[in-house]
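Below is one structure, written out as structure tokens; the observations come after it.
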Amino acid sequence: MAENKLLRDEISILKAEIVQLRDTNQKQAIKIEELERRVGMNPRNSSVPPSSEGLRKPNSPSREARRKLGKKRGKQPGDKGFNLAKVENPDEVIVHSPKSCTNCYSDLENAPVTSTDKRQVFELPDIALVVTEHVIETKTCECGSVTQADIPLEAKANTCYGPGIRALAVYLSCYQHIPYDRLARLFNDVFRIQISTGTIKQIVNEAGGALGLFLETVKELLRDAPVVHFDETGLRVEGSLHWVHVASNALYTFLGAHKRRGNVATDEFDIINKMTGVAVHDGFKSYKTYDIVHALCGAHHLRELTSIGEVETQQWANELIDLLIEAKDLVESEIEKGREKLQPKKVRSIKAKYERLIDKGWNANPEPENSKRYGYNKVAANLLKRLDNNRDEVGSLRI
């Protein structure tokens, strides 16, 4: 009896250890699956920045791959070409005449010119700093009144940088994204202008502070636009995490930095809360709180589907990519023909294919009773929920 009890106790201990080991293995399997998914992420199938690829960035298409795509080297058909064309009235003309004959060495100074070969060289002029002194005169009238001449707007101090230098500093910093330190070196190396990083920062801040009317005009134009795209991304502002919010269409773009990501920021920027058109976004929950017409961003869907197709090797994702692009191309084709919408038969066909592919996706990713079970792909399931529950908001299907 004692031996049986001892065996039963050992069996109970072993069963408990087995349960614990199974739980540990399941947790490790989930972690491994997540790590493998992250390793397979790149800018084409996720939101990671291109800079994160490093040496893993794929090479440009090979000659054989380009040949299969029907592409030749150089400019592709339809691409806008650029060439350095001659001007009719050059700023300077230099005539080069041969001095002597290369055959008999006779003097050619008075020989007739039988032909010319004109070549033009485009070059920057010598860059030199121009200092303009403004003398502000003060005069005293016979009546005793003293009057000073108006001071030009650009002469805001005894010595200051002019509007051209200030505009270039703002352009190179804000549009070309050159850091202040490198920008100061560029001004010194190229223009021989010794300017401090603090001065550049002040110039940029002053330019930003003068954009009030411009920003309000852009906001108003976006509020009245038929379609506006919204997104946000994190970045550091003076060491603190901020969010850059963007609202844009084909003509206008508003960018605003804020410490918050959600409604506090979007309400303050005052665009989406006063819109009359369609708001296109990635489905972030704060956007959905606004009572307007919503459409889900196709670019985000394509990235996520590419990840599921490449990393998870789920074929339904690749097929859905093809369908969404097909729907987009059909709509653009109809617009080019002057039509406002697709024929009902095409719409029914696209929506039927969409439904079949969503079903294939759920079959490949069935929701288990225990969502922590190994093999349950939360990334694919979350995307499927969004695509399934918000079909009318999927960008390419708003037809």
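The values are calculated or read from the model by the stated rules, or taken from the named source; none is laboratory data. All values reported here derive from a predicted model rather than from experimental measurement. Backbone-built Cβ (ideal geometry, glycine too); neighbour counts: all protein chains shown. For accessibility, only protein heavy atoms count, side chains too; no ligands or nucleic acids. Shrake-Rupley method; radii C 1.70, N 1.55, O 1.52, S 1.80 Å.
Carbon and sulfur atoms: what percent of the 1.4 Å accessible area of segment 105-176 do they account for?
On the way: 3610 of 6780 Å².
Within segment 105-176, the accessible surface is 53 percent carbon and sulfur.
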- request: Mind giving me the FRET efficiency for residue 130 and residue 176? R0 is 22 Å, r the Cβ-Cβ distance, nearest 0.05 is fine.
  value: 0.40
field: Residue-level accessible surface for residue 345, protein heavy atoms, 1.4 Å, Å²
entry: 150 Å²
task: Taking 7 Å along the Cα-to-C-beta vector as the label spot, tell me the residue 348-residue 202 distance in nanometres, rounded to one decimal.
output: 7.2 nm
field: Cα lying deepest toward the dipole's positive end in segment 76-194, options 164, 125, 179, charges on Cβ
entry: 179
- line: For residue 12 and residue 299, extending 7 Å from Cα along the Cα-Cβ vector and measuring point to point gives, in nm, a value of 6.3 nm
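Can you work out the FRET efficiency for the pair residue 3 and residue 367, with r the C-beta to C-beta distance and R0 = 35 Å, to the nearest 0.05?
With R0 = 35 Å, the Cβ-Cβ based efficiency is 0.15.
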message: Can you compute the FRET efficiency between residue 244 and residue 190 using 1/(1 + (r/R0)^6), with r the Cβ-Cβ distance and R0 = 25 Å? Round to the nearest 0.05.
response: 0.25
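With every protein chain present, what is the per residue accessible area of segment 94-177 (1.4 Å probe, Å²)? Numbers along the way, then the final one.
On the way: 8060 Å² over 84 residues.
Normalised by residue count, the accessible surface of segment 94-177 is 96 Å².
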